[in-house]
Every structure is written in structure tokens, then in C-alpha cells.
Amino acid sequence: MKKYDTIVIGGGPSGMMAAIASAYYGHKTLLLEKNRRLGKKLSMTGGGRCNVTNNGSLDEIIENIPGNGRFLHSAFSQFDNQDIITFFKDAGVKLKIEDHGRVFPASDKSATIIETLLKKMSEYGVTSLTKTEVTSLKKTDDLFTVKTKDEIFQASRVIVATGGKTYPSTGSTGFGHEIARRFNIPLTDFHPSESPLIMEKPIKDLQGISLNDVELTVNKKKIKHDLLFTHFGLSGPAALRASTFIQQATMINLDLFPEMTKSELLGHFESLDRNKSLKNALKADFQERLLIYLLERVNLDPQTPLKQVNKKDLEGLVEISKKWKLPIEKTFSLEKSFVTQGGVDLKNINPKTMESRLVPGLYFVGEVLDINAHTGGYNITSALVTGWVAGTN
Ligand code: FAD
């Protein structure tokens, strides 16, 4: 039976960072991953380019972690998003910052990030076994016994980094929650988070249209971000964020011009070249397919010259542009959402170390915890930061 100081279960971003930190501080460290390769889910983030962190201020980062971001204050004081950026830069990775502070490798390849984490693991001497699924974890006195199908390992501390319950094909099937249950560690309820929205009647004519910085209002909550019309309904960051507030069929409100009041928008429409057709006069304000659709909804012919359109009809266009009601049927299921809301209850986790208050020596990091963030690099930030903190402590 092989003995280690630290065993990390799960090779996503949180597990890899935990293993690196543990080995960096001189602990004999083993990482066990059931997939053939490490970081399978990580490789899918940011559209396959790996949205490794976000460059926002700490306040912004915490604001973008609506599921218990404040729990991370103490962890961020040890290792934060800027430390993540420095970590990769020092390892020779060129990074770039895109809209909304999202940080990517300049290569646009998630492989760059995953290979760097692997390189650091090997540099500090982490033993990493892939195709190795942990099947059970037991504690006797101060020692944990970790069983896989073929082998048994022992360690004085174990870091559970098995992820949430979304996209189970990536390996995140909730094994860490089973471990928690076996040790009588409480879990909070699970819900889909960062989920696309299914509409009762998806608007086929608008499929593929993407809108920048529009505002959704859902159950009185306002969300300003980019939105995408799809074959099933709505996606893009605004829709994903809205999903947190949707438990049943509901009506959401879309404002295409959140920077203008209704009267300002009307004034703007009235100030356009009145000799032009509606289609041409409004060209700069709407994408063509969207404009045709909206004009049809308010019974206006796109070829009508603006000067022939009366104020009441123009007000109709303002009304739908500012208060477009979209009936939402439901979110995707938990498995098909991007992030898991719910997990190991933070009441029993030490925020300075990620160690369980109920089972000394047992740590939980990353999405297995009851922490959920918006897409945009915030979940990965939480995973890397909690991983680092557990690994160093
Ligand atoms: P995971 O990355 O889920 O890793 C857990 C690992 O544990 C897996 O490799 C799994 O195989 C392994 N494991 C599980 N059980 C066992 C076992 N019994 N034995 C051995 N190994 C085991 N977040 C963002 O911040 N920005 C984004 O743009 C973004 N985009 C996303 C896009 C998609 C399509 C998805 C699905 C998620 C996205 N996320 C994004 C969320 C982000 O990927 C996760 O929050 C993050 O990967 C969680 O990291 P983790 O290390 O906690 O868990």
C-alpha cells in the first residue's frame, strides 16, 4: 500500500492547483483522475479557449460569484485572480484580456493552460494517475484510505476536487457529494445554474442573432450583458445569469436600449432621416433580421418612409424595444447546465483552509462546494483559488 502526505481526488482546475500547491510546499502528493486526461471540463470553457480567470477587481469578482462569493474573502487574501495571472505568466504563458475582463491564453487554446498545469505538477513532483477512479474513502484514526479499482493508497490528508454535477460526460458525476454523505457532512440543495433558457415558442426568425449589452429583467432582477437567440430559446451570458432566478415558467423582459429612456429613444427615432424607409433609417440601431421581425410585430412595413409613420406607431416600436416580453418555459436540466448551484455546505468548511470542520484532514475545493459563479472565468477562479488554499494549508 503506497503512502502519501496528500491525495487529491479529481484532476480539474481545482485538483490540479491543489496538487501543485501541496507539492510546492514539499508534501508527497498523489492526484487521481478517472478520465484518460486531466482538465476535460476546463478544456470546454470559453468556447474551447479556456477562460482561465477574470481581470476584474476583487469586489467585481465576488459580485460575480452570486453563490456564496463572500465565503472566498479569506481565500482571496491568500491567492487571488491576479496571482492566477502571475502564476501563468511566470510559467511562460502569454495571456490576453477580452470583453468583460475575461482572461484567455493568447494561443486561444485550452491545451496551453492544461499543459502548463501538467508541467508545474511534474516540476514539483506530483504523482498523477489517470484512468484511475476512486471508489471509496475511509478514515481510521488520522489516516485516510483511498481505494481505486486496482489499488489502495493512504494519506494523512485528502483533498476532494471532484467537481459538481453538470456535464457528467466530463467526469463530474457528484462523487465528492457521495463522500460528504458517507462522512455525514451536510450538503445544500442542488439547482441548475448558468443554464440556457428554453422558450415556449423559440423565435426561429431570430436564431443566431447576438445582442451586446442588452438588459433582461427577471423577477425584478436586472441583468445587463450579451444575449443570443437560439433554436430552443435564449443563451449567452445574460440568459445564463437570468437562469439563477428562474424556477418555473415566467415572463422575462428584454430592453434593447438600456442606456436610453423611452422618451429619449422616441426622440432618437424621430431625429433620423425622415425621407428614408424605416428599414434604412433604423439600420444603425438594429440588426436587419431583428428590425424586420420587430416592425412586423408592431404592424409596420419596413418600406414605409419614416415621415409617413405617425407618433403612436413609432411609440409601439419604442415599447417593444424597451419592454419586449419573452415567455420562458424553463431552464435546462442540471446535467445540461454549465454550473451546479449547491454542494458541500460551507458552514462546515474553514474558509481559510477549505478543511472540513467535521472531518479533520478532509478538504473540499472547487465546484463540489456550495459555490457557484457566473461564466466569465469566475468559476475557474474559485476552483483555482480554493485549490491553492487547500494545497498550501
Ligand atoms: P471539474 O473541472 O468538474 O473537475 C472534476 C474532476 O474530478 C473531473 O476531471 C472528474 O473526472 C474527476 N473525478 C470525479 N469523480 C472522480 C473519482 N471518483 N475518481 C477520480 N476522479 C474523479 N466557468 C467559468 O468560470 N467560465 C466559463 O467560461 C465556463 N464555461 C463553461 C463551459 C461549459 C460547457 C461547462 C460545462 C462549464 C463551464 N464553466 C465555466 C464551469 C467550470 O468549467 C467549472 O466550474 C470548473 O471546471 C470546476 O472545476 P473543478 O476542478 O471543481 O471540477
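Residues that are in contact (Cβ under 8 Å) with a residue 60 or more places away in the chain and surrounded by fewer than 16 Cβ atoms within 10 Å (Cβ to Cβ) were ranked within the range 165-199; the one that is nearest to Thr250 (Cα to Cα) is Asp189.
In this structure, Lys222 does not qualify as within 13 Å of the ligand (Cβ to nearest atom) and modelled with pLDDT of 95 or more.
On the basis of being within 8 Å of the ligand (Cβ to nearest atom), in a loop (DSSP other than H, G, I, E, B) and within 16 Å of Gly164 (Cα to Cα), does Gly15 make the cut? So Gly15 fails the test.
Only one entry in Ala111, Ala19, Ala106 is among the hydrophobic types (A, V, I, L, M, F, W, C) and within 16 Å of Thr392 (Cβ to Cβ), namely Ala19. In summary, Thr375 fulfils each of the numbered conditions (1) surrounded by fewer than 20 Cβ atoms within 10 Å (Cβ to Cβ); (2) modelled with pLDDT under 95; (3) not aliphatic (A, V, I, L, M) with the single exception of condition (1).
Can you work out which of the residues in the range 200-210 that are free of Cβ contacts under 8 Å to residues at least 60 places away in the same chain and of a type outside the set (S, T, N, Q) is surrounded by the most Cβ atoms within 10 Å (Cβ to Cβ)? Per the criteria, the residue is Pro202. Selection of the range 236-277 for residues being more than 17 Å from Lys323 (Cα to Cα) and crowded, with 19+ Cβ neighbours inside 10 Å yields Gly236, Pro237, Leu240, Arg241, Ser243, Thr244, Ile246. With respect to the conditions (1) within 14 Å of the ligand (Cβ to nearest atom); (2) hydroxyl-bearing (Ser, Thr, Tyr); (3) at pLDDT 95 or above; (4) under 30 Å from Lys222 (Cβ atoms), Thr45 lacks only one, and its number is (3).
Here are some residues: Lys283, Lys224, Lys201. Which one is in contact with an Asp or Glu (Cβ under 6 Å, 6 or more places away or on another chain), among the charged types (D, E, K, R) and not in a helix (DSSP H, G or I)? So that I can check it myself, show each step before the final result.
Details: Lys283 fails: in contact with an Asp or Glu (Cβ under 6 Å, 6 or more places away or on another chain); Lys201 fails: in contact with an Asp or Glu (Cβ under 6 Å, 6 or more places away or on another chain).
After ruling out the rest, the residue left standing is Lys224.
So how many residues does the range 361-382 have that are near the ligand (Cβ under 6 Å from one of its atoms), farther than 21 Å from Ala155 by Cβ and not in a loop (DSSP other than H, G, I, E, B)? The total comes to 4. Among the residues of the range 27-42, those that are assigned to a loop (DSSP other than H, G, I, E, B) and near the ligand (Cβ under 8 Å from one of its atoms) comprise Glu33, Lys34, Asn35, Leu38, Gly39, Lys40, Lys41. Considering the conditions (1) within 11 Å of the ligand (Cβ to nearest atom); (2) at pLDDT 95 or above, Lys149 is excluded by exactly one of them, (2). Quick check, is Glu329 part of a strand (DSSP E or B), within 26 Å of the chain's Cα centre (by Cα) and surrounded by fewer than 20 Cβ atoms within 10 Å (Cβ to Cβ)? For Glu329, the condition - part of a strand (DSSP E or B), within 26 Å of the chain's Cα centre (by Cα) and surrounded by fewer than 20 Cβ atoms within 10 Å (Cβ to Cβ) - is met.
Of Leu58, Leu38, all but one fail to be in contact with a Leu (Cβ under 7 Å, 6 or more places away or on another chain) and either closer than 18 Å to Thr112 by Cα or free of Cβ contacts under 8 Å to residues at least 24 places away in the same chain (or both); the exception is Leu38. Candidates Ser172, Ser156: the one that is among the small types (Gly, Ala, Ser) and either away from the ligand (no atom under 13 Å from the Cβ) or in a strand (DSSP E or B) (or both) is Ser156.
The values are calculated or read from the model by the stated rules, or taken from the named source; none is laboratory data. Quick caveat, the model's predicted, so the values are computed rather than measured. When we count neighbours, we look across all protein chains shown, and the Cβ atoms used for this are built from the backbone with ideal geometry, even at glycine.
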